[in-house]
Amino acid sequence: MHIPDGYIPLEQAAIYWIIAILFIARSIKWARKDLNENMIPLFGVLAAGMFVLQTINIAANLLLPVPMLTGVSWHVVGAALTAIIFASPWAAVLLITLVLAVQSLFGDGGITAMGANIMNMGIIGGFLGYYSYIGLSKLSIKRPVAIFAGAWLSMILPAIALAFELWFAGTFPLKQGALLMGTFQGVAGIGEGLITVIVFGAIIKARPDIVEEDAPKKVSTIKVAAAGIVALFGLAIAAPFLTSGNPDGLGQTASLVLKREINSAITPLFSSYSIPGMGEMGKVAAIIIGFAVIIAVWFVAAKLLKKGST
């Protein structure tokens, strides 16, 4: 669901960037004031994990075997998961911004359109996903159900917002765009919900005190993060061989509704998560580079953030 460059006119893209910058500034303030230092390693690993998982497109008809979904794929976003784990939608804004910034080096989402992508996935997805979960929890709905619902909404509602944005940009017809994006991302939301419940459960099993203040700490956050790095490094190596070649919901919608081809004038550093001339190993190397860059950037940024808060 990454909007590429060229899909939104620059004057409109600038507006989304302004909105995104305001939210990013507030998310930085949240990190300085409210992000527990013990949670910093987990945040970095989760960001790197979202980067790796978003390189793996999964065939949509594996979730729902219907003809309409043949040839379409989906990938994890992780905004709701991040907001729920860190008990703040500002965490989702910050994490998704970091992931999108690194992804832009690989041509996954545009640089000019990054403001819109941050708004859709980080802001709308993070806030709606988190507060839907909180609202449902207050209704005494079981935690896994509330998490699933929040994660599902964090996929479908940003997709509808995206359809309106591209309609306003003159790129998509509104009805067809909203219908297709809503359908494709609604199905993707099922996978997002399942993965969110599973990952949240695994983290809470190791660190129940993250959500229950009276619960004893079982494993340090550093150990959880270290185990995550090892697992995600292995997944990064396997990612090029696991991903589906099918376009995601936005790519499929574009192929159905666009009347002209839109080409970006901006050339990414490593197009399509690949280093030219290295074949399959180039794809593995590119994903590992992105994985390492996110971890390195986050730990430098976190050190500066916490230093600036003292």
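Pick from the range 1-14 the residues that are touching a residue at least 60 places away in the same chain (Cβ under 8 Å) and assigned to a helix (DSSP H, G or I): which of them is surrounded by the fewest Cβ atoms within 10 Å (Cβ to Cβ)? Reasoning before the result, please.
Filtering the range 1-14 for residues touching a residue at least 60 places away in the same chain (Cβ under 8 Å) gives 1-10, 12-14.
So of that shortlist, the ones also assigned to a helix (DSSP H, G or I) come out as 10, 12-14.
Details: Leu10: 11, Gln12: 18, Ala13: 23, Ala14: 13.
Checked the range 1-14; the qualifying residue surrounded by the fewest Cβ atoms within 10 Å (Cβ to Cβ) is Leu10.
Please identify the pairs in which a residue from the range 130-155 that is farther than 18 Å from Met119 by Cβ and part of a helix (DSSP H, G or I) has its Cβ atom under 8 Å from the Cβ atom of a residue that is at pLDDT 95 or above and of a type in the set (S, T, N, Q), counting only partners at least 6 apart or on another chain.
Ala146/Ser132; Ile147/Thr196; Phe148/Thr196; Ala149/Ser132; Gly150/Ser132; Gly150/Thr196; Ala151/Thr196
I'd like the residue in the range 178-222 that is of a type in the set (D, E, K, R) and modelled with pLDDT under 80 and, out of all such residues, is surrounded by the most Cβ atoms within 10 Å (Cβ to Cβ). Talk me through it step by step, then tell me what you get.
Here is the first cut: in the range 178-222, the ones of a type in the set (D, E, K, R) are 192, 205, 207, 209, 212-214, 217-218.
Keeping just the survivors that are modelled with pLDDT under 80 gives 207, 209, 212-214, 217-218.
Details: Arg207: 22, Asp209: 14, Glu212: 10, Glu213: 7, Asp214: 6, Lys217: 12, Lys218: 13.
Checking each candidate, the answer is Arg207.
Name the single residue that is modelled with the highest pLDDT among those in the range 245-254 being more than 18 Å from the chain's Cα centre (by Cα) and assigned to a loop (DSSP other than H, G, I, E, B). Before you say what the answer is, go through the steps one by one.
Initial filter on the range 245-254 (more than 18 Å from the chain's Cα centre (by Cα)): 245-246, 252-254.
Still in the list and also assigned to a loop (DSSP other than H, G, I, E, B): 245-246.
Details: Gly245: 88, Asn246: 92.
Filtering first and then ranking leaves Asn246.
Output the number of residues of the range 104-116 satisfying the condition of being surrounded by fewer than 24 Cβ atoms within 10 Å (Cβ to Cβ) and modelled with pLDDT of 95 or more.
1
Can you pull out every residue in the range 255-281 that is assigned to a helix (DSSP H, G or I) and under 23 Å from the mean Cα position of the chain (by Cα)? Let's see the steps before the verdict.
Step one: list which residues in the range 255-281 are assigned to a helix (DSSP H, G or I), which gives 255-257, 279-281.
Ser255 - this is the single residue of the range 255-281 that is assigned to a helix (DSSP H, G or I) and under 23 Å from the mean Cα position of the chain (by Cα).
What's the number of the only condition in (1) surrounded by fewer than 19 Cβ atoms within 10 Å (Cβ to Cβ); (2) within 24 Å of Leu180 (Cα to Cα); (3) in contact (Cβ under 8 Å) with a residue 24 or more places away in the chain that Gln252 fails to meet?
Gln252 satisfies every listed condition except (1).
Can you tell me which residue in the range 255-274 is farthest from Ala161 (Cα to Cα), limited to those that are touching a residue at least 12 places away in the same chain (Cβ under 8 Å) and small (Gly, Ala, Ser)?
Filtering the range 255-274 for residues that are touching a residue at least 12 places away in the same chain (Cβ under 8 Å) and small (Gly, Ala, Ser), the one farthest from Ala161 (Cα to Cα) comes out as Ser274.
Given the criterion within 15 Å of the chain's Cα centre (by Cα), at pLDDT 95 or above and not β-branched (Val, Ile, Thr), identify the matching residue among Phe164, Phe127.
Details: Phe164 fails: within 15 Å of the chain's Cα centre (by Cα).
Sole residue among the options that is within 15 Å of the chain's Cα centre (by Cα), at pLDDT 95 or above and not β-branched (Val, Ile, Thr): Phe127.
When Val99 is evaluated against the numbered criteria (1) over 20 Å from Phe23 (Cα atoms); (2) at pLDDT 95 or above, which criterion, by number, is the only one it fails?
Val99 satisfies all of (1) over 20 Å from Phe23 (Cα atoms); (2) at pLDDT 95 or above except (1).
How many residues, within the range 71-84, are of a type in the set (Val, Ile, Thr) and either surrounded by fewer than 24 Cβ atoms within 10 Å (Cβ to Cβ) or not in a helix (DSSP H, G or I) (or both)? Walk me through it before giving the result.
Kept after step one, since they are of a type in the set (Val, Ile, Thr), are these residues of the range 71-84: 72, 76-77, 82, 84.
If we keep only those that are either surrounded by fewer than 24 Cβ atoms within 10 Å (Cβ to Cβ) or not in a helix (DSSP H, G or I) (or both) as well, we get 72, 76-77.
The qualifying residues number 3.
Among Ala25, Ala31, which is the only one that is in a helix (DSSP H, G or I) and either acidic (Asp, Glu) or surrounded by 16 or more Cβ atoms within 10 Å (Cβ to Cβ) (or both)? Reasoning before the result, please.
Details: Ala25 fails: either acidic (Asp, Glu) or surrounded by 16 or more Cβ atoms within 10 Å (Cβ to Cβ) (or both).
Exactly one residue qualifies, and that residue is Ala31.
Within the range 138-158, how many residues are under 9 Å from Gly189 (Cα atoms) and of a type in the set (S, T, N, Q)?
The qualifying residues number 1.
Can you tell me which condition Ala238 does not meet? The list is (1) surrounded by fewer than 17 Cβ atoms within 10 Å (Cβ to Cβ); (2) at pLDDT below 90, and all the others hold.
(2)
If you check Met39, Met50, Met68, which single one turns out to be part of a helix (DSSP H, G or I) and either within 16 Å of Gly251 (Cα to Cα) or free of Cβ contacts under 8 Å to residues at least 40 places away in the same chain (or both)?
None of the other options fit; the residue is Met68.
The values are calculated or read from the model by the stated rules, or taken from the named source; none is laboratory data. Computed from a prediction, not measured in an experiment: that's the story for all the values here. Note that we place each Cβ from the backbone using ideal geometry, even for glycine, and neighbour counts take in every protein chain shown.
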